[in-house]
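Below is one structure, written out as structure tokens, with a few remarks after it.
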Amino acid sequence: MLQVLFGDPNEKKVTRYTGLVNQINALGTDIKGLSDKDLQDKTIDLTKKINKSSDFKAILPEAFALVREASFRVLGLRHFDVQLIGGMILHEGKIAEMKTGEGKTLVAILPAYLNSLSGLGVHVVTVNDYLAKRDSEWVGQVPKFLGLSVGLVQEGMTQQQRKDNYSKDITYTTNSELGFDYLRDNMAIMLQDIVQRPFNFCILDEVDSILIDEARTPLIISGAVDSREDKYNRANEISQLLERNIDYDVDEKARNVLLTDNGIIKSEQILNGQDLYDPTNPWAPYLLNAIKAKELFIKDVHYIVKDQEIIIVDEFTGRIMEGRRWSDGLHQSIEAKEYVPIQSETQTLASITYQNFFLLYPKLSGMTGTAKTEEAELDKIYSLEVITVPTHRPMSRKDLPDLIYKNQYAKWRSVADECLDMHTLGRPVLIGTTSVEKSELLSSLLKEYGIPHNLLNAKPENLKREAEIIAQAGRKGAVTIATNMAGRGTDILLGGNASYIARNTITSLLIKGASQNDLSKDQQLKKLFTFLYEKIDSSRITDKELEYKLAIACEKSFTEDRLVITLRAAYQVLVEKYDQLIELERQNVVSIGGLHVIGTERHESRRVDNQLRGRSGRQGDPGSSRFFLSLEDNLLRIFGGDRISNLMDALRVEDDVPIESQLLNNSLESAQKKVEAYYYDARKQLFDYDEVLNYQRQAIYSERRRVLESINLRDWVIQYAETTIFDIAQPSSNQNINRRDYYAQQLKKIEDLLGLPYSLDLDYFLSLSPLEAENFLSKQVRIAYDLKESQIELIEDGLMRELERSFLLQKIDSAWKEHLQSMNALRETIAWRGYGQKDPLIEYKNEAYILFTSMVTNIRHSVTYLIFRSQPILKV
Ligand code: ADP
Ligand code: MG
């Protein structure tokens, strides 16, 4: 009601951009008449303007008009007005909510081009390597055409490759490459090993996936330490002997377990009376993890076992997270449970959460189809405003009401029935599942029904195939089962995707050696391929090189390579051919209702439900979506409360009849809101706690960076030495000790440390005022330092400078590493301790501060000791 009275606030925000859109449209007419060269010269003009004034706003219309024209010339795609609006929102450092299929990839190059004119670099971040590569090769051509450089950072690249690519005007990469490079840069020993430039502007694609879904697991770089394999195995055995609700309780909501008194006594008996909480040899953490592994971590839902390794499956995306490990011994406990080799425990060397990482950018922006439901969180944590951009064409997808069944079995039957109906009609269906296990269950059910289908459970090595399957999921009668976000970022085109088919055909003919029968009908193709086969045979090109050339061929960028030119010609002939076939199929699929999306469980937030629904109804296409649920679904079981279980008992309906009940719908809504709130709190808490560490990380990293960048660290170390000596000369806190005795002792320590060739006069020192005493000590430090320096420089010129640098880095790194462990331990004790009225976060902050200052002191002291104690040996 209120909205009707005052107008939709979002609409108001969007209308603000109309003036600029008109300006860009007007400029378009002139720009259309310019030559390619003229367009490229404009980039130089604009760069000059930015160098002079940094007034991006003034040149925005011209820059956007240029990109739009270049995009049309290079890709054949001209930005729609709504895409211009999306680009402006990104330029302002906000989140543009644009539905799936609205062309966000193309939107990103508008602000990327504009902001890179400053020369400070723009990062465009996608959720996986495949998308980063695709986008840089595809839309990256536009800024290239306009004279800018475009880079790509991928997994497995060398340091030098990374550095080169980060130095480009626009760099495409993934959130994890970016984050790990940042952490590695801050562990670099030499300045030239640093690969990233200072951050400037970042555009996050699928921003909600990165800032919300992935925010739960921090990025960690770790090193191995010894593992207590025996303890994990023993704890696993014990956990199998303990019984739920008798020896321990399980809190599914908080994903936690607690030993009962009974359980403690029983375990201690099994351990021959050892104390579970013995501080020198504690069993409790091992046992609790073993019980968690037993009760809360289920094979093929939370993890899979592959080649004797436990690999995490992201609960909500179904994607497997190769290389990531659960922390604090949990991973080892699961290894023990599955009887696979227990890998060594690791020690964190560096870590950061995505939340804090992306806040390092002076300007951050993002785009996604689903952000509005998380508007409050994005605003509160990241200060990112969300603006919904209207769709280019009116949306015509029908979201049908949920069907709720009494039990799982009935639900899955109905899902299969619906698939059969759709398949018979010829409508493509996409079914989202929340786990590998469930996708396989449905797959076997569909096999029973004789429905041909594609099954996607997301493995990284299948990413590319995944994208291909998703791209074809809109073909007539196609049935595709996919774990939640499989193939995200790839558009489902009704009738199929001609470019994919064309590229695939070439790959299978040239690389996989498929038969050439298909070619015989088309003279032009036949000729092209005859040439290609000859060329490939004679030049002994590897498959990898060929794939690379094919990638270039599918772009439109300029090339002189004969092979690429021929590949491109073949590609274009094929695309045209398939386009005609697909157009017929498309019209057919449209006429029977488009893509139907089936959800098989409500997700942990409405946002994720919307992501799935959003696969259908792109660019005004017809389509529909429906969720099939059961009272046994996790969401209702865990968060539904007593109402649901009472309802279940009271219901006397047949299993296979969906339940219609307003009460049930309300419970469902409120359960989902509870889960949303629960996860929000968890993320907020992670954020609040990490913020403390974040300040400290910033302080240490910038100190470290200054060390790397300084040519001469002499003054730095002398200052460290002075504070160390002043610390030693602090008055004693012990009231009972005799002042004279105390200072005799301290001066002796100072003499030893500085290695002075004379002794300090106690009486003289005691006669000094505090300020005079400081001056006196400073002087001693400088004398000692000069002596040390001349002694060391005798061995080799410049050796002192090298020692200073290497000692500083060594000590900063080892102290920081230890500090990270202490902070971890602090987190844990804070969680265990009861605080009564006190706020644990404040306690945590206070204690963290004390830990940090003592770490800083420790660094100063140890560097000083190292410098004065070092006795380099004269090389003969
Ligand atoms: P999103 O990321 O928003 O889901 P994509 O960037 O993957 O969408 O683009 C979806 C499809 O829309 C692509 O096939 C692209 O070629 C097409 N597209 C994008 N912008 C335009 C445009 N201005 N004109 C025509 N087609 C477009
Ligand atoms: Mg996209």
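The values are calculated or read from the model by the stated rules, or taken from the named source; none is laboratory data. Quick caveat: nothing in here was measured; it's all calculated off a predicted structure. A quick note on method: Cβ atoms are made from the backbone with ideal geometry, for glycine too, and the neighbour counts reach across all protein chains shown. Note: accessible area is taken over every heavy atom of the protein model, side chains too, but ligands, DNA and RNA are not part of it. Shrake-Rupley method; radii C 1.70, N 1.55, O 1.52, S 1.80 Å.
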If you scan segment 64-101, which residues turn out to be within 23 Å of the chain's Cα centre (by Cα), at pLDDT 95 or above and near ligand 1 (Cβ under 7 Å from one of its atoms)? Met98
When the residues of segment 762-792 are narrowed to those that are small (Gly, Ala, Ser) and in a helix (DSSP H, G or I), which ends up farthest from Leu747 (Cα to Cα)? Ser790
Taking Thr173 as meeting all but one of (1) of a type in the set (S, T, N, Q); (2) surrounded by fewer than 21 Cβ atoms within 10 Å (Cβ to Cβ); (3) under 17 Å from Lys133 (Cβ atoms), write down the number of the exception. (2)
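Output the residue which, of all residues in segment 290-310 that are assigned to a helix (DSSP H, G or I) and open to solvent by less than 20 Å² (accessible area, probe 1.4 Å), is nearest to Leu259 (Cα to Cα). Spell out the reasoning first.
Of all residues in segment 290-310, those assigned to a helix (DSSP H, G or I) come to 290-295.
Now drop any that are not open to solvent by less than 20 Å² (accessible area, probe 1.4 Å), which leaves 290-291, 293.
Details: Ala290: 12, Ile291: 9, Ala293: 14 Å.
Here the residue is Ile291.
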Just to be sure, is Glu632 modelled with pLDDT under 90, more than 27 Å from the chain's Cα centre (by Cα) and not in a helix (DSSP H, G or I)? yes
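Could you check segment 570-615 and list, in sequence order, the residues that are β-branched (Val, Ile, Thr) and surrounded by 21 or more Cβ atoms within 10 Å (Cβ to Cβ)?
Step one: list which residues in segment 570-615 are β-branched (Val, Ile, Thr), which gives 573, 575, 582, 589-590, 592, 597-598, 600, 608.
Hits for segment 570-615 are Ile582, Val589, Val597, Ile598, Thr600, Val608.
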What number of residues within segment 102-133 are at pLDDT below 95 and more than 16 Å from ligand 1 (Cβ to nearest atom)? 1
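Any residue that is open to solvent by 40 Å² or more (accessible area, probe 1.4 Å) and touching a helix residue (DSSP H, G or I) at 6+ places or on another chain (Cβ under 6 Å) - is there at least one of those in segment 177-184? Show your work before the answer.
Step one: list which residues in segment 177-184 are open to solvent by 40 Å² or more (accessible area, probe 1.4 Å), which gives 180, 184.
From the residues that got through so far, the ones that are touching a helix residue (DSSP H, G or I) at 6+ places or on another chain (Cβ under 6 Å) too are none.
No.
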Can you pull out the residues in segment 188-208 that are among the β-branched types (Val, Ile, Thr) and more than 16 Å from ligand 2 (Cβ to nearest atom)? Ile189, Ile194, Val195
Restricting to segment 105-133, name every residue that is closer than 23 Å to Glu177 by Cβ, surrounded by 24 or more Cβ atoms within 10 Å (Cβ to Cβ) and more than 18 Å from the chain's Cα centre (by Cα). Val107, Ala108, Ile109, Pro111, Ala112, Tyr113, Asn115, Ser116
If a residue has to be closer than 20 Å to Gly121 by Cβ, touching a residue at least 12 places away in the same chain (Cβ under 8 Å) and open to solvent by 80 Å² or more (accessible area, probe 1.4 Å) to count, how many in segment 21-48 make the cut? 1
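Please verify whether Gly93 is within 16 Å of ligand 2 (Cβ to nearest atom), closer than 19 Å to Val207 by Cα and assigned by the TED database to the domain that holds Leu204, treating the condition exactly as stated. Break it down stepwise before answering.
Numbers: within 16 Å of ligand 2 (Cβ to nearest atom): no; closer than 19 Å to Val207 by Cα: yes; assigned by the TED database to the domain that holds Leu204: yes.
Taking the combined requirement at face value, the residue does not satisfy it.
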Name every residue in segment 470-484 that is under 27 Å from the mean Cα position of the chain (by Cα) and among the aliphatic types (A, V, I, L, M), in order of residue number. Ile470, Ala471, Ala473, Ile481, Ala482
Output the residues belonging to segment 134-164 that are in contact (Cβ under 8 Å) with a residue 24 or more places away in the chain, of a type in the set (Asp, Glu), outside any loop (DSSP other than H, G, I, E, B) and open to solvent by 10 Å² or more (accessible area, probe 1.4 Å). Glu137
Tally the residues that are in contact with a Pro (Cβ under 7 Å, 6 or more places away or on another chain) and at pLDDT 85 or above, restricting the search to segment 272-328. 1
State which residue is nearest to the chain's Cα centre (by Cα) when the search covers only segment 485-515 and only residues that are open to solvent by 40 Å² or more (accessible area, probe 1.4 Å) and within 15 Å of ligand 2 (Cβ to nearest atom). Asp491
Is it true that some residue in segment 68-78 is surrounded by 23 or more Cβ atoms within 10 Å (Cβ to Cβ) and among the small types (Gly, Ala, Ser)? yes
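Can you name every one of the helices (runs of 4 or more DSSP H) wholly within segment 16-86 that holds 1 or more residues which are touching a His at 6+ places or on another chain (Cβ under 7 Å)? Spell out the reasoning first.
On the way: elements: 18-32, 36-53, 56-75.
Qualifying helices (runs of 4 or more DSSP H): 56-75.
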